[in-house]
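Only one structure is covered here, and it is reproduced in the block below.
The values are calculated or read from the model by the stated rules, or taken from the named source; none is laboratory data. As the structure is a prediction and not an experimental result, all values here were calculated from the model. Using ideal geometry, Cβ is built from the backbone for each residue, glycine included, and neighbour counts are taken over all protein chains shown. The accessibility values were calculated without ligands, DNA or RNA, using every heavy atom of the protein model including side chains. Shrake-Rupley method; radii C 1.70, N 1.55, O 1.52, S 1.80 Å.
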Amino acid sequence: MVSNVDLVTQAPYADLCWAACATMVLRHLRLVVDLPDVVTATYGHFVDQTAWPQDVYMTIYKLNCLYLSRAQLIAEGDTVGSVWVGNWLAADWPLQPYIRWNDGTGYHTIILGGVYADGRVRVLDPASGEDAIHTFEDMMQAYQQGSLEGLWYDIGFTKRALTFSQGPVENEGSAND
């Protein structure tokens, strides 16, 4: 498995999955940050509320960051989509899925921090504190509790060589935990 992403939990906060995930990604990029640093950089003070991760990466930390919608991933077909995700993870570039819960309570974000030879992915969930292994299909269904709405990828200082045939989608929305 390829990975050098360490789990950061959002506990005891309810709405800071985005900040915990950003902390994981920023540390992966060798920036020295903690969850409170990310929240304070985003809002000017510490507050337990949601934020849109793409804005945090691009506006606050001046990083490259692209968003791929569920429709784009599905349009590639299950095999191509899972291979694409696996290729990014195998290149040691974490991905950040955006999940909508089935019960309508909101949204959540996690980190995919590695891929195994059989295609299963390492999932780091800041809300549950779990560092677990899931299939690509399970991840697309948010462990049977929701659905993947999209994912942030190519988060870093420069654009990388791996591409997706449909291209990125810029999304101006705001996430809710």
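Name the one entry in L73, L68, L95, L89 that is over 12 Å from the mean Cα position of the chain (by Cα), open to solvent by less than 10 Å² (accessible area, probe 1.4 Å) and touching a residue at least 40 places away in the same chain (Cβ under 8 Å).
Of the residues listed, the single one that is over 12 Å from the mean Cα position of the chain (by Cα), open to solvent by less than 10 Å² (accessible area, probe 1.4 Å) and touching a residue at least 40 places away in the same chain (Cβ under 8 Å) is L73.
If a residue must be open to solvent by 10 Å² or more (accessible area, probe 1.4 Å) and part of a strand (DSSP E or B), how many such residues does segment 136-152 contain?
So in segment 136-152, the residues open to solvent by 10 Å² or more (accessible area, probe 1.4 Å) come out as 136-138, 140-141, 143-145, 147, 149.
With the extra rule that they be part of a strand (DSSP E or B), the set shrinks to 147, 149.
Selection size over segment 136-152: 2.
Taking segment 98-122, which residues are open to solvent by less than 30 Å² (accessible area, probe 1.4 Å) and either over 20 Å from Y13 (Cβ atoms) or part of a loop (DSSP other than H, G, I, E, B) (or both)?
G106, I110, L112, G113, G114, V115, V121, R122, listed by residue number.
Go through the residues of segment 8-22 one by one and say whether even a single one is hydrophobic (A, V, I, L, M, F, W, C), surrounded by 15 or more Cβ atoms within 10 Å (Cβ to Cβ) and assigned to a loop (DSSP other than H, G, I, E, B).
yes
Looking at segment 126-135 only, could you name the residues that are open to solvent by 10 Å² or more (accessible area, probe 1.4 Å) and within 18 Å of L16 (Cα to Cα)?
A127, S128, G129, E130, D131
Checking the structure you have, find out if any residue of segment 48-62 is surrounded by 14 or more Cβ atoms within 10 Å (Cβ to Cβ), of a type outside the set (D, E) and part of a strand (DSSP E or B).
no
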